[in-house]
Structure formats: C-alpha cells, structure tokens
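Enquirer: Provided herewith is a single structure, encoded as structure tokens, for subsequent inquiry.
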Amino acid sequence: MQRTLIALVAGLLLTNNTFAAKSPNIVLIISDDQAWGDYSFMGHEAIQTPNIDRLAKQSRLFKRGYVPTSLCCPSLASIITGLYPHQHRITGNEPPIPPGGKNTDEYRAQVQECVGFIDTVPTLPRLLAKRGYVSHQSGKWWQGHHSRGGFTHGMTHGDPKRRGRHGDEGLKIGREGLKPIFDFIADAGDKPFFVWYAPFLPHTPHNPPKRLLDKYTKKTESKFIARYWAMCEWFDETCGQLLDHLDEKKLTDNTVVLYVTDNGWIQRADNGRYAPRSKRSPYDGGLRTPIMIRWPGKVPPSERPELANSIDLAPTLLKACGLEPTAAMHGIDLLDDTALAKRKTTHGACYLHNAVNIHKPSANLTHRWIINGNWKLILPHKPNTNPIAAPELYNLTQDPHETQNLAKRKQTKTKRMAEQLNKLLPESDRL
C-alpha cells in the first residue's frame, strides 16, 4: 500500500512537472499612445518599424484590433483582467479632484480606493500562478505596487509619497534599456514566465535619441511630428532587443508573444499634444490597434480579417496555458477559428479622464460604440457630452477615418445597431 501511494504521488509530480515544462512563456508587448497606422507594415509613408514588422509577419495578425476604451489606465486594466471597464470599475485615469486639489487627504484616499479595485478581480498574473508561472511588471502600471496585480516581480513601487502613480520606476524600462526584464528571465530558471512590457513609449515626453530625431526631421516640416515619428522607431528598437534576447536564449519556440497598443495617438503638427479624434475619443484614432500573436510551431502566421479586441487577450492566453477563462470574461480565444467565425461585432465605451463617481461607471460615461462588420456606430452619453451631440454612423471600409456621418441617411441601420449596443452595454450600471 505504501509503495503504491508513493508511486501515485511520484506520478502526479511527474505529470505536473511535465506540464509546467510544456507551458509556454508569455511576453506581452504594449505600446503607449500610438496610432493604429503608425507602422511600416501598416503602410505608414515615413515611420520605420522593422522589428514589429518582423513580428507581424511571424504572427496571427489582426489589423482590425480594438481596445474597449481609449484611455490608458482603464485600457490597461482591461488587458490584464479580460474585463470591460464597467466590470472592473476602473474607468478613468483619476478620481474626482476635490476643491482642495490633489494635495489633500480626500484625494489621496480616493486614489487608494481606486487602486483597490484591482484586488477584487482576477488578473492574468494571479491566474497564471496556478500553473506555476512567475511574472514581471515593467512600464505603465497604475494600480499601486506591482504585487497588487499579482506580479511576483516588478519595477513599480506605487508609493504616492515617492510620486508613484502610473508606473514610477517602471517607466524607465525601454528608455533606459531592458536589463530588469533580462535579469528576470534569467532568474526564472525552469519556471514558465509572464513578462508585461508596457514601456512609456512612444508616449510623451517625445525626446528620442538625436540620431533618430535627425532622421525624421528631414521627413517633415513639423518638429512635433518628427519627434513623435522618431519615438515610434525608438520603441520599435526596444521591441527588437526583447525579441532578439528570446532568440539568443533559445526561448523563442516556447514563448507566446502578443502585441497591442493601450490607446491611439494622432500627433498634432502645431504643438506637442494629440488631435481630438485620437486618445480619449470614440473614434478609431483612439481605439484601433493591430493585435498579433506569435507562437512558433503552434500558430501559423496569417493575416486575419476578423475583429479582435484587447479583452480577448486574457482568454486567449489562459486557453493556451491550459486554464479556463473566468465566467465574467466576455472575450474569445483568438486562436479558436470557430469562435472567430461566429464573431460579428465588437464594442466598448469611453469615459471621463477624471471620474465623477468612482463607484458608478455610468456616471463617468461619455460614449458607447459598436462595430458590426464594416459599420461603426457611436452613441454619445449626453450628461457628459455636448447636449446636442447626435449618433454617428460610419462605413469603415469606405471611410476609415470617419469623416462622413451617415446616421441620418441610414436611420434604420442606426436604430438596429443602437438596439444591439443597448443589449450588449446599457447606459445604466445593470451589467
């Protein structure tokens, strides 16, 4: 009996160790404030992104990818949880600012309350830990200390007294090299690892290396656009360093690499800010992103026509690692062709930068949007937008930059898509 028990235990340990050895490593690359077309593989006339181009050729590529919301804090929270903002309740970058300003106990208490939302929902690092994964956070991270997201390792300390709010020490990654990630990968040993690489790139400050700025200054009359274009290539170079490291350490074949942008950015030519129809907007300039998944030997490279959303990344990764998505996740497995064939729509919502009520997502709502095939409908939430704002309907195939509002000419389609959106995402907080 004792020998039988020992044999059974040994068998279970062997099975678990074998599974762990086969579990793929994961590297999630998240660019910060970059337009969906600002890559050479997407046809940009000036920006050169050879490393991301190479990744795209090696990946299952979705050129029609989206994030559910066009602001970094809630968008990143959706990526790591697989939940919409109204589910994880992180809708803005900031809580309400009291009359006394940010340097008050009231404001600091609300910040900590917002950070606490991440403790109430499953996250990729916590879920992957069930399969023995170690995880590393670097770059943009709003939710306090990296461990609050379930990361076993990381760079962000999240201490407000040390000006820790949206990444602090983590924001050095990429701009100051990738050594923390390389050290983490080395220390992981035989354990499967998850890397969250969300550098502050090409995000402002747009201060690229002189060699890149000189290159792009020759391509445009606007110094602001030249700086932004140079930042995009600088970010691409860091991606190349990370991908090359996987090659050098012979990790590429057993590593799933995913790529997404947190939200869009259209650089203004007259100053260093972004154009109105990009970041924080319900237009494709703020919401659309290429999404790619590379898994050598498991996922054949291909360009897919279907719609994808960043909330699909968590279910996709969990399935790849032998885990089931949580019941609250509405995304699909992007490696499941049957699920992709069934998808006809994707949707999301935009919210105020500074929340009105951190406990009531609808109080912060500005727009809801839905894409069905080639058609996109935007519905304004009038309490937080212009009272005369009207629905907007666009044919994205014929009008990819959303310049011709067809809502009045296509009233039946507008009504049907509005009804569909109301079922998927009501204006109230019923969901």
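None of the figures in this text is laboratory data; all of them are computed from the coordinates on show. Only a predicted model underlies this, so the values are computations on that prediction, with no experimental measurement involved. Every residue, glycine among them, receives a Cβ derived from its backbone with ideal geometry; neighbour counts consider all protein chains shown.
Enquirer: Test of understanding: what is the full-extension gain from residue 396 to residue 102, defined as 0.36 nm times their sequence separation minus their Cα-Cα distance? Write out the running numbers ahead of the final one.
Expert: Details: separation 294, 0.36 × 294 = 105.84 nm, distance 4.09 nm.
This chain segment gains 101.7 nm when fully extended.
Enquirer: Let me ask something else. Only counting other Cβ atoms within 10 Å, I'd like 135, 23 sorted with the fewest neighbours first. Could the numbers behind the result be given before it?
Expert: Working: 135 26, 23 20.
Lowest to highest Cβ neighbour count: 23, 135.
Enquirer: Which ³J(HN,Hα) values in Hz, rounded to whole numbers, follow from the phi angles of the stretch 207-221 under the Karplus curve 6.51 cos²θ - 1.76 cosθ + 1.60, where θ = phi - 60° and Gly and Pro get x?
Expert: 10, x, x, 4, 4, 7, 5, 4, 4, 8, 4, 6, 9, 8, 7
Enquirer: While we're looking at this one, here's another question. Could you compute the FRET efficiency for residue 44 and residue 354, with r as their C-beta to C-beta distance and R0 at 25 Å, rounded to 0.05?
Expert: On the way: r = 33 Å, r/R0 = 1.31.
After rounding to 0.05, the efficiency reads 0.15.
Enquirer: How big is the C-alpha Rg of the stretch 15-86 next to the rule-of-thumb value 2.2 N^0.38 Å, as a ratio?
Expert: Numbers: Rg = 16.0 Å, N = 72, 2.2 N^0.38 = 11.2 Å.
Here the Cα radius of gyration is 1.43 times the empirical estimate.
Enquirer: Take residue 271 and residue 405, extend 7 Å from each Cα along the Cα→Cβ direction, and tell me the distance between the two endpoints in nm.
Expert: It is 2.4 nm.
Enquirer: How far is the Cα center of the stretch 132-146 from the Cα center of the stretch 158-175, in Å?
Expert: A separation of 12 Å, based on Cα centres.
Enquirer: May I pose another question? When the chain is treated as a GNM, springs tying every alpha-carbon pair under 10 Å, which of 309, 263, 51 comes out with the largest mean-square fluctuation?
Expert: 51
Enquirer: Quick one, can you get me the convex hull of the C-alpha atoms of the stretch 153-276 expressed as volume per residue in Å³?
Expert: Details: hull volume 16.3 nm³, N = 124.
Output value, Cα hull per residue: 131 Å³.
Enquirer: Can you list the residues, at least 5 places off or on another chain, whose amide H is less than 5 Å from the amide H of residue 256, using H built in the peptide plane?
Expert: Those lying under 5 Å, H to H, from residue 256 are 25, 26, 27.
Enquirer: Still on this structure: For the stretch 200-349, state what percent of all Cα-Cα pairs lands in each successive 5 Å bin, counting from 0 Å until the bin that includes the largest distance.
Expert: 2, 8, 14, 16, 16, 15, 13, 10, 5, 2, 0
Enquirer: Now a separate question. If the convex hull of the alpha-carbon atoms of the stretch 23-343 is projected onto planes in all directions, what is the mean projected area in square nanometres?
Expert: Values: hull surface 64.5 nm².
Mean shadow area of the hull around the Cα atoms is 16.1 nm².
Enquirer: Which percentage, to the nearest 5, of the DSSP beta bridges contained in the stretch 23-343 is antiparallel? Display every interim value, and only then the final one.
Expert: Numbers: 11 of 35 bridges.
Of the beta bridges lying entirely in the stretch 23-343, close to 30 percent run antiparallel.
Enquirer: Further, regarding this structure: Which entries in the list 219/344; 140/360; 219/408; 319/415 go over 32 Å, if you measure between the two C-alpha atoms of each? Show your work: numbers first, answer last.
Expert: On the way: 219/344 40 Å; 140/360 25 Å; 219/408 40 Å; 319/415 36 Å.
Check vs 32 Å cut-off fails for 219/344; 219/408; 319/415.
Enquirer: Another question, then. How large is ³J(HN,Hα), in whole Hz, for each residue of the stretch 42-52 in order, when computed from phi with the Karplus curve 6.51 cos²θ - 1.76 cosθ + 1.60 and θ = phi - 60°, using x for Gly and Pro?
Expert: 9, x, 5, 6, 10, 5, 10, 9, x, 6, 6
Enquirer: In the Gaussian network model of the chain, springs joining C-alpha atoms below 10 Å, which of 158, 144, 116 carries the largest mean-square fluctuation?
Expert: Judging by the Gaussian network model, the answer is 116.
Enquirer: One quarter of the convex hull surface, Cα atoms only: what value does that give for the stretch 334-399 in nm²?
Expert: Numbers: hull surface 25.4 nm².
Mean projected area of the Cα convex hull: 6.3 nm².
Enquirer: Here is a further query. Indicate the gyration tensor shape class of the stretch 201-261 (rounded, prolate or oblate), computed on the Cα atoms with a ≥ b ≥ c the square roots of the eigenvalues: a/c under 1.5 is rounded; otherwise a/b larger than b/c is prolate and the rest oblate. Could the numbers behind the result be given before it?
Expert: On the way: a/c = 3.66, a/b = 2.53, b/c = 1.45.
Prolate is the answer for the stretch 201-261, as a/c is 1.5 or above and a/b outweighs b/c.
Enquirer: Take the alpha-carbon centre of the stretch 314-332, take the same for the stretch 230-250, and report the distance between them in whole Å.
Expert: Cα centroid to Cα centroid, the span is 28 Å.
Enquirer: Using 7 Å Cα-to-Cβ label points, what is the residue 223/residue 299 separation (nm, one decimal)?
Expert: Taking the two extended label points, one gets 4.2 nm.
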